[in-house]
Structure formats: C-alpha cells, structure tokens
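Report on the following structure.
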Amino acid sequence: MRGASRSKNTQDLDKRVCMTNCPTLIVTVGLPARGKTYISKKLTRYLNWIDVPTKEFNVGQYRRECVKIYKSFEFFQPDNEEGLKIRKQCALAALNDVRQFLTDEGGQVAVFDATNTTRERRETIIRFAEQNGFKVFFVESVCEDPDVIAENIVQVKLGSPDYIHCNTEEAVADFMKRIKCYENSYQPLDEELDRDLSFIKIIDVGRRYLVNRVQDHIQSRIVYYLMNIHITPRSIYLCRHGESDLNIKGRIGGDSGLSARGKEFAKALRQFIQSQNIRDLKVWTSQMKRTIQTAEALGVPYEQWKALNEIDAGVCEELMYEEIQQRYPQEFALRDQDKYRYRYPKGESYEDLVQRLEPVIMELERQENVLVICHQAVMRCLLAYFLDKTAEELPYLKCTLHTVLKLTPMAYGCKVESVCLNVDAVNTHRDRPSNVDVSRLPEEALLTVPDHH
Amino acid sequence: MNVTEDSTEQCGNSLTRELTQNPLKKIWVPSSTNGLPERHISQRKVCMTNCPTLIVTVGLPARGKTYISKKLTRYLNWIDVPTKEFNVGQYRRECVKIYKSFEFFQPDNEEGLKIRKQCALAALNDVRQFLTDEGGQVAVFDATNTTRERRETIIRFAEQNGFKVFFVESVCEDPDVIAENIVQVKLGSPDYIHCNTEEAVADFMKRIKCYENSYQPLDEELDRDLSFIKIIDVGRRYLVNRVQDHIQSRIVYYLMNIHITPRSIYLCRHGESDLNIKGRIGGDSGLSARGKEFAKALRQFIQSQNIRDLKVWTSQMKRTIQTAEALGVPYEQWKALNEIDAGVCEELMYEEIQQRYPQEFALRDQDKYRYRYPKGESYEDLVQRLEPVIMELERQENVLVICHQAVMRCLLAYFLDKTAEELPYLKCTLHTVLKLTPMAYGCKVESVCLNVDAVNTHRDRPSNVDVSRLPEEALLTVPDHH
C-alpha cells in the first residue's frame, strides 16, 4: 500500500510504503500464444497506475530490431545455430536494459517478456538477478485449449510485423509451426523441482492457479491482480453525472442536484443504454446526489460506491476558480505546477484518488459489462488506467459532461468510442495555463477558466 | 456501499424518483411520496455474492482448520459480511459429554461414526438457518471433511439450499508445525482437560492416524469443477481452483496474506495534542508538552522491548508524525491511518456540536458506528478505508502503529473480534500502548500505560439519545477539558 515515507533519515528517498526494498524482476514463462505479452502489458499498466515505476521488455521486439525481416518459423527451430545465437543475444540485450532501468533509472519492477521455457534459460536469468540484487517472480501461462490459442493468434499475431506480408492461412500455419519449435524443450515450472522459486502458474486463462513462495507485498498484489483479470469480451462505459446546478455556476465540488439539462442527459443516457442492448449491465454510481439522480433515470438497479465520490477539494469546496485565485493564490499556483500530486488543504490529490479507486479498478477487472457514472477527476483516473496515461497527462484528460466513453479491451489495449449524447452542458475543463508561477497575475491564472454563469 | 433496487411498479416510464438523504448515513435514497426514504428491497454490499456462501474446511487434525476458520470469520465480520463458524468438534463435545480416547475416531467404530455424522448434520442444519433465516452471508463449516463422500454430502446440501461452496484445504506434513499446533490449541482443549501433556499428545497423534487412511485430498483433476484453495505448508504454496465471485476472490487474497510467524503488533495513539487539551475533535494540531513527554517515553518503551525488525507506521497528520519522530527510527506514513473526518464538526468542542447540530449529535449517539458526519465519515467508512492497513498488518511481523482514537478502535476491533456496536466505544486512552500478540485462536492484549498524564477523550454513550433530549443530557458524558 502506498504513502510517501518522509522520516528524517530518508528524506531524500521517496520510498513507497511496503514496496519491496530491492527491485523486482517479473519473468514470463510459456509457449507462444499463451498470453504472456497480454499479461506483461496489463500488469505493467496496472503497476504504473498505482505508482510503481514499471517497464516491460519484450524480447520478441529486440529480435525484430535485430533481424529486420522475419522469414519463417525456421528461425525458431531448435537446431538453427544462427537463430539460437541471435535469440540469446537479444535476451541478453534486453536484460541489460532491465538492469539499467532498475538500477540507474529508478525503476521498481521490470517485466521480462519472453518464452523462457527451459530451466537453463531461467537459471541464467536468476543468476543475473542475484548479481544485481533483484528479486525474481515468475509468471507462467499454461493453456491447451485450442480455441483460446486460435483466438489469441487472430487477435495479436496476424497483425504482428512478422506476418505483415502473409495472408491469414499462411500466418496461422507458420505460427503453429513456431509453437511446435518450443514444445519439445518446454520445461514448465514444477511444484517440486522449482519449489524454491517464487512464481504463479496460471492454468487455462485463470481456471486454476498455482502460487509458490510469495516473498513480499508487491508480489502479493501482483498475484491478487493476476487472479482477478479475465479475457471474456465485455465493455466498460464511463460517463459523468448529468450537468449539475453547481456546474452551471462554475463552482467545484459540493453535492448539488442535476440541472434541467442534466436531467435531459439522464433520459438520453437511458435511451442510449437501452439501444446498446448490453447483456447483464451493472451500473455503479458514487454516493453523491448528482450521479445517483442520473442513475435513477435509467430505471435499473445500481450500486453506490463511496470510493467513486469526486475529489475532495477541502477548503476550496463549492468555490469558483476566481474565488480560489482570490483567497488562495499560492495554492492555485501550486496546483497548476503539479496537478497530479497537489493536495487541496484539508482535501485530496489525484494521487490520493488513484489509491482510493484501486478497489474499484480491481472490481472492474472482475466484472463484465459495467456502466460507471462518476465525476470529472474520478473519470480521469479511471480512464488513465485503461488508456495507460501518465501522471502528467491524467489530470488534463478531457472528460466532458454528457459524453459517454465506451471502452472495449482489444488485443493489447483498449478501443475507445466516444458518444456525445447531444445535450448541451457547460464546459468544466480548465487547461494548464502557461504561467504557473506563484508570482503570476490573477488574469494569467484565470486565463483558462471555462465560461460559466 | 448500498444497492438500490428498482421497484418497477413505481418507476416504469416516470421521471426520476425524488431523492432524500438518509439522516444517519448521509446516503441518497429514493423517497416515497411523503418524502421519507423508501425501504430498500435489499441491503446488499457492493459486489458481494447474491447467494450465501458456504466455506468448507478440509484437512487432517492439527492442520490449522479452526485457526483459519476463526480468523476468516473475524475478518469477514469486520468488513461487514455477516459470517459465522460452525465447528463440528464443538457439536461432538456437546453430544458426547466426556471424551475418552482416540478410539472414538477409529474408522470401524460404528457408534462413533453415527454420532459424528449426526453432529455434522446438526451443524449443517444450523448453517441453513443462519444463511437462510438469520441474514447470514457466509458460513464456515469447520470439520475434517477428509473424504470425497462427506464433501459430496455437503455439496448436495448446498445445492438444495442455493448456497455457493468454497473449500479451504490445509495440507501440511511438517512435524514441527503439527507439534506446535498441538501444544498451542490441543493440549488446552476440553477433550484433554484430564490428561497430562504426554498422554494428550500421544492420544492426539493416534487420532490423526484414524483419519489418514481414508484421507482424499482435493485433487486438481478429480475435483476440477469445485471451487477451492489448497494451502500447502502454512502458505508456502497455494493451489486455487475456479474462484467464482468477488467474496471468494477476497477470501483467497486474505488467506494468502496471513501467516503464523510469532510477532507482536503495538497500537497507540499520538501523544496528547493541543486540540485534545481544548476538548476539540479532529484538526491537525501538534503535540502538547505532555504529548512530547509521551513520545520520549514511547521511545524508551520501544527500546526496552528489544523488538526485532520493528516497522513503525503513522498517519499523515502532524501529531502522529511528531510522535514517531521522537523514536529516531524510520517510519512510514499512511493517509489511510488519518483520523475519522468529522466534516462540518472538525475542530469543534462537543458543547459546540450540541449547540449547532443537536440533531446530528443525537443521531450519532443512536448509532455511532453507522453515523456519518455531514461532509465527513462514519466508523463504517473508516473500516473500509483501513482494510488495506489490516491486510498489510497481516503480512508484516513486528509493527508499531501510531494512530488516532477512532482509527485505533477500528483496528482493535479487528484483532479482538468486537462487534459494530462495541467498536466505537472501545477505550483507547492517550499515552497507553496496547501490545497484541496472536495466541492460539485469538490475541493476547497487554496494556502498557506510559505514565504521562493526558486528558481523557473518551465520551460514553449517554442514556438519553433522543433528538428531543435536553443539552445537559446530551453533554452528560463529555470528558473534562480546558
């Protein structure tokens, strides 16, 4: 869990609560088309969102940079000396970059994404980690379901640079032969032989898990996360409450009800949702009046989450930006300097929000079709998670009133469809002004404040 | 978290229902035509399963099944999932008043088998009553359940009643762990009250033997359609199969984070603060002179305890950090450990709260656990906020948590299995350290007063909690202050 440690002895180190002291190297294991890269990217996205600096290192990428043009599966044949040499070089190059990231660049977790199917290769990695003081955690994906593998190939292999010049049948045929090249020498992680290693073995896309020797907090969180994700197709709908009375007045926070236009939006939302014909849709709101009012119009059951409440603006609750500039010009400037980390006096920061929203994200991962009716800052945080936005970008993501974002997981990322429901509303988006200095003039601070009554 | 069910008779194509704010919890709920909150069809927690869950332990004797059952029950109740454990051994003790010897458990003892089966059925009957009639959400059926046949019986029972089943098996062959288990919880059992240690151990080992031959552990293949977690060697390894829903996922996460390594957890509040002296609640003030004395005394106490690898945690409020600073060791700040947010009542004295918000003050006395301050929090919110702290405390070993009155009450309630009614009135006085040491099935508490004077900040529930009460009645139990 998080919290910045600021004790006298460690003032200069921004140590995270309970995160491992030494960096962690996550190592994927598994035949091709078992979801290793999917898991690597998703895990990396999650860890970065919860503020654990993480980076993935895909050895296939290194290979593509080395061998400019992919010819065929024969490159991967176990007796192809040239191929073996190149592949080993690529793995070592990737490990070198891993070392640089974890040792020199402040990285906390590195995800080493490759097949790593032999014990010998894994031994090499373990030695490398020991030399550098990294903890190792293996993530193996085992799957023999031909449908899952076929779908995997369709989703992410056909579009790979390797198969850019092939038609579908050629690509599939070649890839199946590629998998065969690994099968004979595949030594899965074993309960007995590998009993001293730390790992999770994911069987049949989450049907079963074997977890061995979880060493610390971050590994425990990784295991929990991996055990909650799934690949069942579904969509997540994100939107804000309808326009509220305080929105119209240009005031932030508070707990006001919907304006007339906000109520229009709620009705439009109902029609939109019905038109989408969504199976088993769950609807979530915050515990603030405006999201609940919006949900009420849908005529379906909904669940209230306190964790989805808007960011607490503390002493600035219900003020207009003009008033904040007038009463707290220094605070206003500090916020523009670092909007992600800035905490309102007696309030919260975006950083706090992310921590508060983590259980929401975890449950979103478990669920299937969900509509989340929330608030501007909250929606930015959720969107940043799904779209892999940085802490710098997050507080400035555009989440306009009366617009629904439909997120559909696809391949390694998320497809976003933006649906504007054509009900007018005020703009509540304030861009970062050019002058963020405390010494700036009020006009400079208020330059980007959106219009309001 | 609240679930609002749609009542289609009322809603249909009509406009949005009017909302009113529940005065106690400050939750917006649809109101009926007279402006009062509608009665909810259900009060389910977010994401908790619709149908009740039956957790079934599996394992030879002395594998920690009861330890796990009790701990899991305590955790689930703390996070507001009504849970109860049903220990078949207890039923057996009520049935067979006096335990003679391991022979009762021999597989060819017809009489014994009959009684044991009856007890299991009696326990299942009580499970049904708890889950179906008494609003229970989770029942933990604690017995060996070592044969596939017995487990089949339970599965059929669950299916008939619409319960989900989740097995928790503990497998362990480490003789040291088993021996320690016997020492901790078997020797003191009512079964062995008349035996000396050697006799008890010898008999218990033979009891384990009675089960061993017929033991059919959960199997990856044969039981692949069941939902279960197999805990191997006290958490060295886990096999998790078919987690069905949110509550099972939380249970798995919890079980994977607990351990049995001996350790102690120290809980205390910050030293006395300036606002404490003035009788004001909340705020972010610094330590008073006596508070600083306490911090020094705390340092000496901690040093005298010679604690191995002690972690120190504080909130992000000045008074806990100042206290930790005096210790001269690294500490970690958790926002989650901040004191309860009293919203509009922040920094007020109780007298002022009575004056400005008499209705709120009365509502709080009526249900202190669920009451949420306007623009603030409730104890119920606090527990939710503290859950990650508890999870990390389970993972850790020796920890000192320097926190606040309401926060400490919540943490203490978790360790000491206090109800929602008791929690807000637990006594957590300034300048006193509580040392909690897990022992057998519970927690030993040692209270160490560090002998530095401080104001009393504990306000008992007054007898009159009615909104119509006189101010004097409301303020009867307010502790003295300047």
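By the beta-carbon count within 10 Å of each Cβ, the least crowded to most crowded order of A:ILE203, A:ILE69, fewest first, is A:ILE69, A:ILE203. FRET efficiency for the pair A:GLU144 and A:GLU170, taken as 1/(1 + (r/R0)^6) with r the Cβ-Cβ distance and R0 = 25 Å, rounds to 0.55.
When DSSP beta bridges are limited to those with both residues in the stretch B:53-256, what percentage is antiparallel, rounded to the nearest 5? List each step's numbers first, then the result.
Details: 5 of 25 bridges.
Here the antiparallel bridges make up roughly 20 percent for the stretch B:53-256.
Most tightly packed first, judged by the mean number of other beta-carbon atoms within 10 Å of their residues, the peptides B:179-187, A:144-152, A:31-39 read A:31-39, B:179-187, A:144-152.
The H on the amide N of A:LEU319, modeled in the peptide plane, is under 5 Å from the matching H of A:ILE252, each at least 5 residues off or on a different chain.
From the residues B:LEU222, B:VAL240, B:PRO82, which one has its Cα farthest along the dipole of the stretch B:53-256 in the positive direction, the dipole being from +1 and -1 charges on Cβ of Lys/Arg and Asp/Glu about the Cα centre? Projecting each Cα onto the dipole axis, the largest value belongs to B:PRO82.
If you wrap the tightest convex hull around every Cα atom of the stretch A:24-226 and split its volume per residue, you get 120 Å³. Does anyone have the angle between helix B:148-161 and the longest principal axis of chain B? Alpha-carbon axes, 0 to 90°, nearest 10? The two axes meet at around 50 degrees.
Rounded to the nearest whole Hz, the Karplus-based 3J(HN,Hα) values (6.51 cos²θ - 1.76 cosθ + 1.60, θ = phi - 60°) of the stretch B:94-101 follow the sequence 6, 7, 9, 3, 10, 7, 8, 6, with x at glycine and proline. Stokes-Einstein, applied to the Kirkwood radius of chain B over Cα pairs at a viscosity of 1.306 mPa s and 10 °C, places its translational diffusion at 63 µm² s⁻¹. Near B:THR20, the amide H atoms lying under 5 Å from its own belong to B:VAL29, B:SER31; only residues 5 or more places off or on other chains count, and H is placed 1.01 Å from N. Sites count as exposed loop sites when they are chymotrypsin sites (Phe, Trp or Tyr not before Pro), lie in a DSSP loop, and have at most 15 other Cβ atoms within 10 angstrom; the longest stretch of chain B without one is B:216-440.
Looking at the square roots a ≥ b ≥ c of the eigenvalues of the Cα gyration tensor of the stretch A:389-438, which shape do they give, rounded for a/c under 1.5, prolate if a/b is larger than b/c, or oblate? Since a/c reaches 1.5 but b/c is at least a/b, the shape of the stretch A:389-438 is classed as oblate. Rounded to the nearest 20, the size of the Cβ-charge dipole of the stretch B:375-421 about its Cα centre is 160 debye, with Lys and Arg at +1 and Asp and Glu at -1. When the listed pairs A:LYS282/B:LYS26; A:LYS55/A:LYS389; B:LYS97/B:LYS186; B:LYS318/B:LYS418; B:LYS368/B:LYS427; A:LYS41/A:LYS201 are checked against a 20 Å cut-off, the alpha-carbon distance exceeds it for A:LYS282/B:LYS26; B:LYS318/B:LYS418.
Residues A:LEU84, A:LEU95, ranked from the fewest to the most other C-beta atoms within 10 Å, line up as A:LEU84, A:LEU95. Our Cα-only numbers for the stretch A:236-446 put the radius of gyration and Dmax at 17.0, 55 Å. Projecting the Cα positions of A:ASN427, A:ASN369, A:CYS381 onto the charge dipole of the stretch A:236-446 (unit charges on Cβ atoms of Lys, Arg, Asp and Glu, taken about the Cα centre) puts A:ASN369 furthest along the positive direction. Just to confirm the number: angle between the C-alpha axis of helix A:350-366 and the first principal axis of chain A, 0 to 90 degrees, nearest 10? For helix A:350-366, the angle is close to 60 degrees.
Using the 10 angstrom Cβ neighbour count as an exposure proxy, how do A:GLU170, A:GLU81, B:GLU221 rank, fewest first?
B:GLU221, A:GLU81, A:GLU170
Proximity of backbone amide H atoms, modeled 1.01 Å from N, is registered between A:PHE137 and A:LEU25, A:ILE26, A:VAL27 at under 5 Å, excluding neighbours fewer than 5 places apart on the same chain.
What FRET efficiency, computed as 1/(1 + (r/R0)^6) with R0 = 35 Å and r the Cβ-Cβ distance, is obtained for A:GLU443 and A:TYR412, rounded to the nearest 0.05?
The pair A:GLU443/A:TYR412 has a calculated efficiency of 0.20.
With charges set only on the Cβ (+1 for Lys and Arg, -1 for Asp and Glu), what does the dipole of the protein assembly as shown come to about its Cα centre, in debye to the nearest 20?
Working: 127 positive and 135 negative charges, 82 e Å.
With Lys and Arg at +1 and Asp and Glu at -1, about 400 debye.
Taking a ≥ b ≥ c as the square roots of the eigenvalues of the Cα gyration tensor of the protein assembly as shown, is the shape rounded (a/c under 1.5), prolate (a/b larger than b/c) or oblate? Rounded is the answer for the protein assembly as shown, as its axis ratio a/c remains below 1.5. Working from label points 7 Å from Cα in the Cα-to-Cβ sense, the A:VAL315 to B:ASP108 distance is 8.4 nm.
Other protein chain C-beta atoms within 10 Å of residue C-beta, averaged over A:215-222: 2.
Once the Cα atoms are used to define both axes, helix A:376-387 deviates from the longest principal axis of chain A by about 10 degrees.
In the stretch B:340-482, a dipole from Cβ-located charges (positive for Lys and Arg, negative for Asp and Glu) runs towards its positive end, and of B:PRO438, B:VAL452, B:HIS481 it is B:PRO438 whose Cα lies farthest in that direction. About its Cα centre, the dipole of the stretch B:53-256 is roughly 340 debye, where the only charges are +1 on Lys and Arg Cβ and -1 on Asp and Glu Cβ.
None of the figures in this text is laboratory data; all of them are computed from the coordinates on show. Because the structure is a prediction, the values reported are computed rather than measured. Counting neighbours? That spans all protein chains shown, and the Cβs are built from the backbone with ideal geometry, glycine included.
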